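The values are calculated or read from the model by the stated rules, or taken from the named source; none is laboratory data. Because the structure is predicted, anything quoted here is derived from the model rather than measured. Heads up, the Cβs are rebuilt from the backbone with ideal geometry, glycines too, and the neighbour counts pull from every protein chain shown. Surface areas here come from the heavy atoms of the whole protein model, side chains and all, with no ligands, DNA or RNA. Shrake-Rupley method; radii C 1.70, N 1.55, O 1.52, S 1.80 Å.
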Amino acid sequence: MTATRVRPLRMGPDEVRVRKTPEGIRYVSATDKLGEYPVRLTDRLEYWADRAPERTLLAKRDGSGEWRRLSFAEARGVARNIAQALVNRGLSPERPIAILSGNDLEHALLCLGAMYSGVPFAPISTGYSLVSSDFAKLRYIMDLVRPGLVFASNGAKFQRAIDVAAPEGAEIVVTGDRVGGETRFSELAATTSSGKLPHVDGDTIVKFLFTSGSTGMPKGVINTQRMWCSNQEQIAACLAFLTDEPPVMVDWTPWNHTFGGNHDVGLTIYNGGTLYIDDGRPVAGLFEESVRNLREIGTTFFPNVPRGYECLVPYLRSDKKLRETFFSRLKLMFYAGASLSQPVWDELDALSIETTGERVLMLTGLGATETAPFAIASRREVERSGMVGVPAPGLDLKLVPNGGKLEARVRGPNVTPGYWHQDELTREAFDEEGFYKLGDALRFVDEDKPELGFIFDGRLAEDFKLSSGTFVSVGPLRARFIHRAAPFVKDIVVAGHDKEDVSVLIIPDLEACCGIDLTNKFREVLEDLGRESTGSSNRIMRAIILTEPPSADAHEITDKGSINQKAVLKNRAALVDDLYTYPPPPHVITL
């Protein structure tokens, strides 16, 4: 650990109690009780609209590049008008709202209005409308929720998706570029509120968030008011500094995903903060917009996916103005959604120390769409990537021995009651004690010191046995390869089920690989890992570099942007066969 001073910030306590049964099951919970939380998230909007009415809640650049701002008071007033418009239309859980377009102020206002009215909304990945060629996932979701109102920011841009998938009779609402008889969003916002809205309580459904299962088809996770509000209090209890000063964030993560739509939007409203909607993305040609925003706005809390940090590091290294603004007020960096490579972690440490003389902490946690999403999180300085911390107050963690690992299950007020109109999936997701099965494995940093927390130990569904009966733990093996091959690899898919040894399909980072002899580079990686391996379960014998990237339409990429290992292996079965052909074909890299 570096002796450099860590930038001070207030975190919650992380003491836990552990009970172990004779069967080896561990029950882990925080010693601190969960504090009181509001019945509705809009109660916090009301609170801040009364106390800081002019403070900016959300901001987004307009066509001229200037920030268009929405204050807490404005958000409350317009949202109540929209709520009345939704009530007037007779919408309900069986006729909810579907939102096709991405993050913007109208999207946010419609969601807030829906929350006041008690009408659920379903934000849907824009890729299902704008990237997919067959609209299969969009049609599946529409058939499942049967929306009575469909919203898109731009009628022309989303027309084809609406024509193909919107249910007959659903009202189409657009902000601009009407194509036919769509309702303008401004009509909803101009509705006069009667001041009398339906009763909304903790069991009221706020939204349906869709996540892909092992089949690749979406599951509609029910999110209630109790889930969201209790989870925001859990976040505040763990990341206590959020309650000391209203947070300021620049954030691109999509609101159809629980990280952006629940975690980030929720903590902004809950703690009276300001969220600058970032139109950038961590991909070539779009990330420059994120850099532009971060060069201008000094954030106090910066949550992102690992790819976002990977894109950011070269700009921080070369741009003094960006570096000084980025670290000027920053209290914590937080990553989620995938593993962060240790070299990126280390460089962010070095850059923060070089710029400010202090180390800005990087932390993570473990959660799911089904947990709203915050469940397990670090509350202290950690040594490396992958250390996920301990359960949040109010959450019970159950660790069940499974194939030599500890399978994580959770129970608490932030856990979903189930999947919308998918009763069989709901039954399968919970055990006999009502614990939701995360599908992840954890291991103690030190079981004698449980307050040190847990290390992520992979997805159980990805693990398999070799023909020898030896278990292959895919998560740690994948992380080792990516760490060693950085920055030339985006991801790998691990093969070898019922085979004698382990092989991989490599998804290269083509931008980073320019001018590199990839065959020799990845052969070196196989050789380095081979020298460190202890047996067949962690020795990679062969590899193939994929020339065709993973496909969302083929369910190879989930709606979170992660790789669906099973789908890739199924769809690329011929390449998997090549890995185990003797003698190996020319495109197979061998150890």
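Structure notes:
- The residue of the range 561-586 that is modelled with the highest pLDDT, among those that are crowded, with 20+ Cβ neighbours inside 10 Å and in a loop (DSSP other than H, G, I, E, B), is 572.
- Residue satisfying all of: in the range 1-54; in a strand (DSSP E or B) and touching a Ser or Thr at 6+ places or on another chain (Cβ under 7 Å); surrounded by the fewest Cβ atoms within 10 Å (Cβ to Cβ) among these: 17
- Residue 462 vs. criteria open to solvent by 60 Å² or more (accessible area, probe 1.4 Å) and either within 20 Å of residue 339 (Cα to Cα) or of a type in the set (D, E, K, R) (or both): no
- Among the residues of the range 137-165, those that are of a type outside the set (A, V, I, L, M), in a loop (DSSP other than H, G, I, E, B) and either open to solvent by 70 Å² or more (accessible area, probe 1.4 Å) or out of contact with any strand residue (DSSP E or B) (no Cβ under 7 Å at 6 or more places or on another chain) (or both) comprise 146, 157.
- Matching residues in the range 111-134 - criterion: being in a loop (DSSP other than H, G, I, E, B) and either open to solvent by less than 10 Å² (accessible area, probe 1.4 Å) or under 30 Å from residue 194 (Cα atoms) (or both): 118, 119, 120, 124
- Members of the range 226-252 found to be surrounded by fewer than 24 Cβ atoms within 10 Å (Cβ to Cβ), of a type outside the set (A, V, I, L, M, F, W, C) and within 27 Å of residue 119 (Cα to Cα), listed by number: 226, 233
- Against the list (1) of a type in the set (S, T, N, Q); (2) closer than 18 Å to residue 507 by Cα; (3) free of Cβ contacts under 8 Å to residues at least 60 places away in the same chain, the condition residue 564 fails is (3).
- Residues of the range 432-452 that turn out to be assigned to a loop (DSSP other than H, G, I, E, B), closer than 30 Å to residue 470 by Cβ and open to solvent by 30 Å² or more (accessible area, probe 1.4 Å), as a count: 4
- Residue count for the range 281-322 satisfying the condition of being within 20 Å of residue 489 (Cα to Cα) and among the aromatic types (Phe, Trp, Tyr): 3.
- Residue list for the range 489-504, restricted to those being more than 14 Å from residue 529 (Cβ to Cβ) and surrounded by 24 or more Cβ atoms within 10 Å (Cβ to Cβ): 493, 495, 496
- Number of the condition not met by residue 107 [criteria: (1) touching a residue at least 60 places away in the same chain (Cβ under 8 Å); (2) over 23 Å from the mean Cα position of the chain (by Cα); (3) surrounded by 16 or more Cβ atoms within 10 Å (Cβ to Cβ)]: (2)
Results for (1) touching a Ser or Thr at 6+ places or on another chain (Cβ under 7 Å); (2) of a type outside the set (A, V, I, L, M); (3) within 22 Å of residue 458 (Cα to Cα); (4) modelled with pLDDT of 95 or more, shown as yes or no for each residue.
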{"position": "309", "(1), (2), (3), (4)": "no, yes, yes, no"}
{"position": "312", "(1), (2), (3), (4)": "no, no, no, yes"}
{"position": "323", "(1), (2), (3), (4)": "yes, yes, no, yes"}
{"position": "332", "(1), (2), (3), (4)": "no, no, no, yes"}
{"position": "336", "(1), (2), (3), (4)": "yes, no, yes, no"}
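- Exclusive hit being open to solvent by 50 Å² or more (accessible area, probe 1.4 Å), over 30 Å from residue 567 (Cα atoms), in contact with a Pro (Cβ under 9 Å, 6 or more places away or on another chain) and touching a residue at least 12 places away in the same chain (Cβ under 8 Å), set 177, 203: 203
- The single condition among (1) open to solvent by 40 Å² or more (accessible area, probe 1.4 Å); (2) touching a residue at least 60 places away in the same chain (Cβ under 8 Å) that residue 76 does not satisfy is (2).
- Single match in 70, 57, 86 (criterion: at pLDDT 95 or above and in a helix (DSSP H, G or I)): 86
- Matching option when the condition is farther than 30 Å from residue 194 by Cβ and without any contact (Cβ under 8 Å) to a residue 40 or more places away in the chain, among 35, 12, 63: 63
- Residue 168 satisfies every condition listed in (1) touching a residue at least 12 places away in the same chain (Cβ under 8 Å); (2) in a loop (DSSP other than H, G, I, E, B) except (1).
- Within the range 428-469, restricting attention to residues that are of a type in the set (Lys, Arg) and modelled with pLDDT of 90 or more, the residue that is farthest from the chain's Cα centre (by Cα) is 449.
- For the range 521-560, filtered to residues that are free of Cβ contacts under 8 Å to residues at least 12 places away in the same chain, in a loop (DSSP other than H, G, I, E, B) and open to solvent by 30 Å² or more (accessible area, probe 1.4 Å), the residue that is farthest from residue 507 (Cα to Cα) is 534.
- Each residue in the range 488-522 was checked for being of a type in the set (Phe, Trp, Tyr) and under 24 Å from the mean Cα position of the chain (by Cα), and 1 of them qualify.
- Residue selected from the range 306-321 under the condition of a type in the set (D, E, K, R) and closer than 22 Å to residue 337 by Cα, by the criterion surrounded by the fewest Cβ atoms within 10 Å (Cβ to Cβ): 307
- Residue 489 vs. criteria among the β-branched types (Val, Ile, Thr), touching a Ser or Thr at 6+ places or on another chain (Cβ under 9 Å) and modelled with pLDDT under 95: no
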